[in-house]
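Read the structure below first, then the notes.
The values are calculated or read from the model by the stated rules, or taken from the named source; none is laboratory data. Just so we're clear, the structure is a prediction, and the values are computed from it rather than from any experiment. Don't worry about glycine lacking a Cβ; one is built from the backbone with ideal geometry, like all the others, and counts go over all protein chains shown.
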Amino acid sequence: MRVIVLGGDGYLGWPTAMRLAARGHDVLAVDNYLRRRIARETDSEPLFATPELPERARLFEESGGPKVEVAIGDCCDFAFLADLFRRFQPEAVVHYAEQPSAPYSMMGYEEARLTLDNNLTATFNVIWAVKDHAPGCHVVKLGTMGEYGTPNIDIEEGWIEIAHKGRKDTFLYPRAAGSLYHTTKVLDTDLLWFYVRTYGLAVTDLMQGPVYGLSTAEADADERLLPNFHYDDIFGTVVNRFLVQAVAGIPLTVYGRGGQTRGYLNILDTLQCVLLALENPAAAGELRILNQFVEQLSVNEIAEKVQRVGNALGLGVAVRSIENPRKEKEDHYYNAKHQGLLDLGLEPHPMTDDVIAGMLERVLRHKGRIERGRILPRVKWSAARSAAEPGRPPAPAGVDA
Ligand SMILES: NC(=O)c1ccc[n+]([C@@H]2O[C@H](COP(=O)([O-])OP(=O)(O)OC[C@H]3O[C@@H](n4cnc5c(N)ncnc54)[C@H](O)[C@@H]3O)[C@@H](O)[C@H]2O)c1
């Protein structure tokens, strides 16, 4: 298959590009380095530096991997994107190219505006590039489980049947996101649904939970091919943050009561899910929504796991609760269906003690590079900068372990 990976320099994009190429697909990876720029501006750089995209592609070939084509440019620039689609004629596109940090989107007006403009324009341009230049191209779009919020009823896979005054119909499952970033994903889904109905596009919207891990078959061949491992409060997901805190001797910081429950998955399972979606495409005129995670865990449960495994490795891990910088429920009902990808053949890698130990050992090798001031929350949902205040990087956390 000829596949374009948008956001191909990202945490998930680069491992996906390698995996698809290794499976024999022709891959074009596209990125404008927005994440690298934001990480620099907010002092949120990853644990170890990673080469830029052309260098990554060169190293992958040098390690015996197949060729990955690369293009550097902005998906919000329609002329650039349209030209890529016209030239490459993709049969599928994996759309990762968004600003994915909830805290960044809540820093203030400028960051919120960038997130809204970037994410919606990129999705809108993908739709039009497919419609105008690659009709029939299957769009695999990354959404998030965060679109659903934490409703007090079971979360279905994208759709819900509603009976009202004696009649029934099926609708998109209600959404109630907890950050502006997550809200852009809700809006993306609505845009896609409109164009699926109107122009018959074939779309898979993957509602993904937080991903953890950094080991993949292709990256393990050469450390320089590893994904970007963020452990900061802006780009780092909770598992990656806890691993680094355990290694750095900082108590694992649970936000509030720690009952916040979400569906998690290993990066190995993201790769499987995206491949399964690509190799079993949605039909023309179908918006297929799949919930992409393998197990539900609360923040407290993750902290307990990392503490137990860290202590077995002699790390002496403590856990402490801090004021929650977000606005979210800290104890709530959560039961989300996730059957579609299992039916397609997903073989889950749960968060076992061995998996946690493997990740801790990797982080331990880079212990000297950990910047302690990057981990504690620097962004509060209740303290967003107004449009009148000029942009400035967030203040480093004053408190530490
Ligand atoms: N990582 C997770 O836990 C997670 C969970 C749920 C959903 N997602 C979604 O998966 C996707 C990938 O996430 P990630 O963690 O790899 O994020 P990431 O920031 O590492 O990767 C996104 C990549 O897209 C690029 N990009 C952004 N806007 C662009 C534009 N306009 N033009 C070209 N490139 C652009 C960025 O530079 C970055 O390299 C995102 O859409 C994210 O919302 C991620």
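Descriptive notes on the structure:
- The numbered conditions (1) under 18 Å from Tyr181 (Cβ atoms); (2) within 14 Å of the ligand (Cβ to nearest atom) are all true for Thr150 except (2).
- Arg37 vs. criteria within 11 Å of the ligand (Cβ to nearest atom) and free of Cβ contacts under 8 Å to residues at least 24 places away in the same chain: yes
- Qualifying residue in the stretch 57-69 (condition: of a type outside the set (D, E, K, R) and within 30 Å of Ala283 (Cβ to Cβ)): yes
- For the stretch 51-78, the set of residues classified as assigned to a loop (DSSP other than H, G, I, E, B) and within 14 Å of the ligand (Cβ to nearest atom) consists of Pro51, Glu52, Gly73, Asp74, Cys75, Cys76, Asp77, listed by residue number.
- Residue match in the stretch 184-197 (condition: under 30 Å from Leu114 (Cβ atoms), modelled with pLDDT under 95 and under 14 Å from the mean Cα position of the chain (by Cα)): no
- Selection count, the stretch 1-42, where residues are within 17 Å of Leu275 (Cβ to Cβ), assigned to a helix (DSSP H, G or I) and over 16 Å from the mean Cα position of the chain (by Cα): 5
- Checked against (1) farther than 19 Å from Cys273 by Cβ; (2) in contact with a Lys or Arg (Cβ under 9 Å, 6 or more places away or on another chain); (3) surrounded by 24 or more Cβ atoms within 10 Å (Cβ to Cβ), Thr184 passes all but condition (2).
- Any hit, the stretch 284-298, residues being surrounded by 22 or more Cβ atoms within 10 Å (Cβ to Cβ) and small (Gly, Ala, Ser): no
- Helices (runs of 4 or more DSSP H) lying entirely in the stretch 238-317 (those with 2 or more residues that are acidic (Asp, Glu)): 267-279, 299-312
- No other residue among Leu276, Leu342 is buried (at least 18 other Cβ atoms within 10 Å of the Cβ), modelled with pLDDT of 95 or more and not basic (Lys, Arg) apart from Leu276.
- From the options Thr189, Thr121, Thr115, residue that is within 15 Å of the ligand (Cβ to nearest atom), in a helix (DSSP H, G or I), touching a residue at least 40 places away in the same chain (Cβ under 8 Å) and within 21 Å of Asp83 (Cα to Cα): Thr121
- Leu81 surrounded by fewer than 21 Cβ atoms within 10 Å (Cβ to Cβ), among the hydrophobic types (A, V, I, L, M, F, W, C) and within 15 Å of the ligand (Cβ to nearest atom): no
- Subset of the stretch 192-224 (residues that are more than 13 Å from the ligand (Cβ to nearest atom) and small (Gly, Ala, Ser)): Gly200, Ala202, Ser215, Ala217, Ala219, Ala221
- Hey, Phe48 more than 28 Å from Gly373 (Cβ to Cβ) and either in contact with a helix residue (DSSP H, G or I) (Cβ under 7 Å, 6 or more places away or on another chain) or more than 9 Å from the ligand (Cβ to nearest atom) (or both) or not: no
- The sole residue among Ala112, Ala134 that is under 18 Å from the mean Cα position of the chain (by Cα) and buried (at least 16 other Cβ atoms within 10 Å of the Cβ) is Ala112.
- Residue ID - nearest to His95 (Cα to Cα), chosen from residues in the stretch 156-186 that are within 16 Å of the ligand (Cβ to nearest atom) and free of Cβ contacts under 8 Å to residues at least 40 places away in the same chain: Val186
- Taking the conditions (1) in a loop (DSSP other than H, G, I, E, B); (2) within 17 Å of Cys273 (Cβ to Cβ); (3) within 15 Å of the ligand (Cβ to nearest atom); (4) of a type in the set (A, V, I, L, M) in turn, Ile234 satisfies each one other than (2).
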